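The values are calculated or read from the model by the stated rules, or taken from the named source; none is laboratory data. On a predicted model such as this, the values are computed, not experimentally measured, just so you know. Reconstructed Cβ throughout: ideal geometry from the backbone, glycine too, with neighbour counts over all protein chains shown. Please note that ligands, DNA and RNA were not included when accessible areas were found on the heavy atoms of the full protein model with its side chains. Shrake-Rupley method; radii C 1.70, N 1.55, O 1.52, S 1.80 Å.
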Amino acid sequence: MNLTKKEIIALLSDKQNEQELFNRADDVRRKNVGDEVHLRGLIEFSNFCRNNCLYCGIRRDNKKVCRYRLSEEELIKTARQGAEMGFKTIVMQSGEDMYFSVERLCRIISAVKNFDVAVTLSIGERNYDEYKAFREAGADRYLMRIETTDKELYHRLDPQMSWQRRYECLLMIKELGYELGSGIMVGLPGQTLESIANDLLFLQNLEIDMAGIGPFIPHPDTPLAGENGGSLSLALRTMAVMRIMLPDINIPATTAMESLHPNGRIMALQAGANVIMPNITEEEYRSLYALYPGKAGADGTPANSRSRLAQKIINLGRTIGTGYGSRIKKSLVDK
Ligand code: 5AD
């Protein structure tokens, strides 16, 4: 559904009636993507990063981080275990770590594709030929948040990076036939509701297939340590408005939401979300991938937390997705 910028801002600022907004988004979600919740097994395979984003705990200049990367074998083994647990999508995420060359990644992607899963990459900015090679090796989807469409804010928070370049990466990924996921953080220092409204219009315009919304959570070992973080409430409102604007996309209940409230992801599932991405990285590495403090999902074995989560989903009257959970476009029919 098309909303004007003014309408979006009105919804984002109306905390008092947010329950109505959540109910409306929940309704749109049910009618368009149904009751299935798709689970994606997330592997955080390297926390090395060449970038220095001010908000991020694994930024290059954070010398307190103990850096790790999974070996090719470990990564493939973790993906196989994920597939055996029943995940139909494996998401491979890392910092921008060039140790993972195109050849190495292509080998890994083809190996993981043997497990009958959809493969999602979330490894940041690469060039066209690399994106093309990953796609040819079997990668199905790509996640890369635009973070904010306020270019001034982006360049302040992501020094040495170019907003335009990131945007062009998203276009290349789309052109190569990946399912494209993006998203933003809300509550960044200096971000306004108007700016968030612009972000939502941008995501709608780009015709993304998935988008994640997360509250900004200040990390103590970053230059933004002393700033205020985003609220769960604003993150949920933003997500709910996005569901109304983009009725048939996949929307994850994000880990950052869960980090602000023990039930954050379940709340998100009742306000427009239809995807959860449990972390299946081996426990010894999990706490090292600290993008922000209190990052949820670091307790228990992956199998245990998966069944606990599944039970919560069933208690909501929802079901666990049994397919790959690709986006099924409805917009052509409903427009
Ligand atoms: N708070 C919340 N989200 C963060 N991310 C990175 N740092 C933080 C933080 N401090 C998000 C970014 C990135 C995703 C992987 O994690 O949006 O794209």
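Gaussian network model of the chain, Cα springs within a sub-10 Å range: biggest mean-square fluctuation belongs to which of 269, 171, 75? Per the Cα network of the chain with a 10 Å cutoff, 171 tops the list.
Excluding ligands, DNA and RNA, the accessible surface per residue across the stretch 145-195 is 40 Å² with a 1.4 Å probe.
Rolling a 1.4 Å probe over the heavy atoms of the protein chains gives the stretch 235-335 an accessible area of 42 Å² per residue.
Here the stretch 195-326 exposes an accessible surface that is 52 percent carbon and sulfur, computed with a 1.4 Å probe and the other protein chains kept in place. For the chain, a Gaussian network of Cα nodes joined below 10 Å ranks 104, 126, 29 by mean-square fluctuation, and the top entry is 104.
Couplings 3J(HN,Hα) for the stretch 180-189, derived from phi with the Karplus relation 6.51 cos²θ - 1.76 cosθ + 1.60 (θ = phi - 60°), are 9, x, 9, x, 9, 9, 10, x, 5, x Hz, where x marks Gly and Pro. Cysteine residues of the chain whose Cβ has no partner cysteine Cβ closer than 4.7 Å: 49, 66, 106, 169. Along the axis of the charge dipole computed for the stretch 40-190 (Cβ charges of +1 for Lys and Arg, -1 for Asp and Glu, origin at the Cα centre), the listed residues 187, 71, 119 are led at the positive end by 187. Using just its DSSP H runs of length 4 or more, each adding -39500 (n - 2.57), the chain gives a mean residue ellipticity at 222 nm of -12500 deg cm²/dmol after division by all residues.
If R0 is 22 Å, what FRET efficiency do you get for residue 307 and residue 80 from their C-beta distance, rounded to 0.05? For residue 307 and residue 80, the calculated efficiency is 0.70.
Taking the protein heavy atoms of the stretch 48-151 in the context of the full set of protein chains, the accessible area attributed to carbon and sulfur is 48 percent at 1.4 Å. The residue among 266, 247, 292 whose Cα reaches farthest toward the positive pole of the charge dipole of the stretch 233-318, with charges on the beta-carbon of Lys, Arg, Asp and Glu, is 247.
If R0 is taken as 51 Å, the Cβ-Cβ distance between residue 282 and residue 4 corresponds to a FRET efficiency of 0.60. Per-residue SASA remark: residue 132, around 80 Å² accessible (1.4 Å probe; ligands, DNA and RNA not included). Taken over the stretch 128-215, the ratio of Cα radius of gyration to 2.2 N^0.38 Å equals 1.11. Of the cross-linked pairs 15/64; 31/151; 174/329; 63/295; 15/329, those separated by over 26 Å at the C-alpha level are 15/64; 31/151; 15/329. The spread of Cα positions in the chain, taken along each principal axis and listed from longest to shortest, comes to 50, 42, 38 Å. Say a paramagnetic label sat at a point 7 Å from the Cα of residue 60, along Cα to Cβ; which residues of the stretch 91-111 have their backbone N under 16 Å from it? Within reach of a label on residue 60: 95-100. Farthest towards the positive end of the charge dipole of the chain, among the residues 13, 155, 134, is the Cα of 13, using unit charges on the Cβ of Lys, Arg, Asp and Glu. What the Kirkwood sum gives for the stretch 230-277 is a hydrodynamic radius of 10.4 Å, with every pair of different alpha carbons counted. Taken over the Cα atoms of the stretch 73-136, the convex hull encloses 77 Å³ per residue. Restricted to Cα atoms, the stretch 170-250 shows a radius of gyration and a Dmax of 13.9, 41 angstrom. Dipole check for the chain: with +1 at the C-beta of Lys and Arg, -1 at the C-beta of Asp and Glu, and the Cα centre as origin, the magnitude is about 260 Debye.
The average projected area of the stretch 150-284, computed from the convex hull of its Cα atoms over all directions, is 9.3 nm². Note on the stretch 1-132: Rg/Rh from Cα positions, Kirkwood definition for Rh, rounded to two decimals, is 1.09.
Compute the separation of the alpha-carbon centres of the stretch 122-140 and the stretch 23-96 and state it in Å as a whole number. What the calculation gives is 16 Å, centre to centre.
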